[in-house]
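Structure, as C-alpha cells:
The values are calculated or read from the model by the stated rules, or taken from the named source; none is laboratory data. None of the values given here were measured: they were computed from a predicted structure. Reconstructed Cβ throughout: ideal geometry from the backbone, glycine too, with neighbour counts over all protein chains shown.
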Amino acid sequence: MTVHGMENTVQSMEPNNPPKIAGEMGAGCVPRQPAGCVPPAGTVLARARQECGDYAIRIGRDGTWYYKGSAIQRKPMVCLFASILKRGNDGAYWLETPVERGRIEVEDAPFVAVELFWRDCDCGGGVPQQCLTFRTNLDEMVTADARHPIRVQLCPKTREPRPYITVRPGLEARISRPVFYELVALAESEMLEGREVLGVWSEGTFFPIDEMPTLDMAAD
C-alpha cells in the first residue's frame, strides 16, 4: 500500500471501527510490503520512488499525529506511519515506502519518552552499573547507549533544558517533564573538559544533562 492509500484509510475511519489494512500490519506495528510493490532485483529504491511533495500530516510537540488538522485517533495507524518515518540529511521528515515518499511536518521530535525504567547491568571497566530504558508514546523501548545517546539542548534565551534521546537513526524522542525529573534524580557530577557537569550513566556511557549552575529548570 502506498502512503496515499494509508491516507485514504485515515479518511474512511469510523469512530467505532478500527482501521483494517489487509496484509499491512504484523506484530509490533511493522508493515509488510504487499506483492507487486517490490521493484525488480537490482532496482535502486531511491530512484524508483515517486516524489509526492508534502503530505497533509503533522506530528505535534506532544507526539499527536494529525491528518489535515484532525488528530489520528487509532494507535495502530499511527504505529504504521511511524514505522516508515525517515529523516533526510537536510533535517526534513519523510514517510517512505518502496514506491513513494512525501514530507511531513514535525513540530519538535516525532516521539515522546513517557516512561523510564532503571536496572542494574554489568558494564565492566569500573563504570557505574546502570542501564536506562525509555518507553515512547508509541510503546517503543529504547535503552540509552552509545548508539542511542541522550542529549540536552539549552534554550539560548532561558537556558531551559530540552532533553532528547535517539530512538532510530535521525529520529529522536523528546524526554517528557516527569521523565526528565527522574533523570535529574539519578544524576551525578563528573568533570568534562574542565567543567563540572551533571549527567547520567547508561550502558557504560556518561550523558551530560546540564552544567551544574543551570540545572534548576525542568523540561516541558
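A single member of Gln153, Gln129 is surrounded by fewer than 16 Cβ atoms within 10 Å (Cβ to Cβ), at pLDDT below 95 and under 26 Å from Asp90 (Cβ atoms), and it is Gln153.
Given the options Thr97, Thr143, Thr158, name the one that is polar (S, T, N, Q) and under 30 Å from Gln50 (Cα atoms).
When all the criteria are applied, what remains is Thr97.
Every residue, every condition in (1) at pLDDT below 95; (2) farther than 18 Å from Glu172 by Cβ; (3) small (Gly, Ala, Ser), yes or no:
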{"position": "Val30", "(1), (2), (3)": "yes, yes, no"}
{"position": "Gln33", "(1), (2), (3)": "yes, yes, no"}
{"position": "Glu51", "(1), (2), (3)": "yes, yes, no"}
{"position": "Ala82", "(1), (2), (3)": "no, no, yes"}
{"position": "Glu100", "(1), (2), (3)": "yes, yes, no"}
{"position": "Glu105", "(1), (2), (3)": "no, no, no"}
{"position": "Ala109", "(1), (2), (3)": "no, no, yes"}
{"position": "Leu116", "(1), (2), (3)": "no, no, no"}
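Looking across the stretch 189-204 at every residue that is assigned to a strand (DSSP E or B) and in contact (Cβ under 8 Å) with a residue 40 or more places away in the chain, the one that is nearest to Phe117 (Cα to Cα) is identified as Ser202. Looking at the stretch 82-172, the strands (runs of 3 or more DSSP E) lying wholly inside it that each contain 1 or more residues that are closer than 26 Å to Leu198 by Cα, over 16 Å from the mean Cα position of the chain (by Cα) and not small (Gly, Ala, Ser) sit at 111-119, 131-136, 150-154, 161-168. When Ala144 is tested against (1) small (Gly, Ala, Ser); (2) in the same structural domain as Arg58 (by TED's automatic domain parsing); (3) surrounded by 15 or more Cβ atoms within 10 Å (Cβ to Cβ), exactly one condition is not met: (2).
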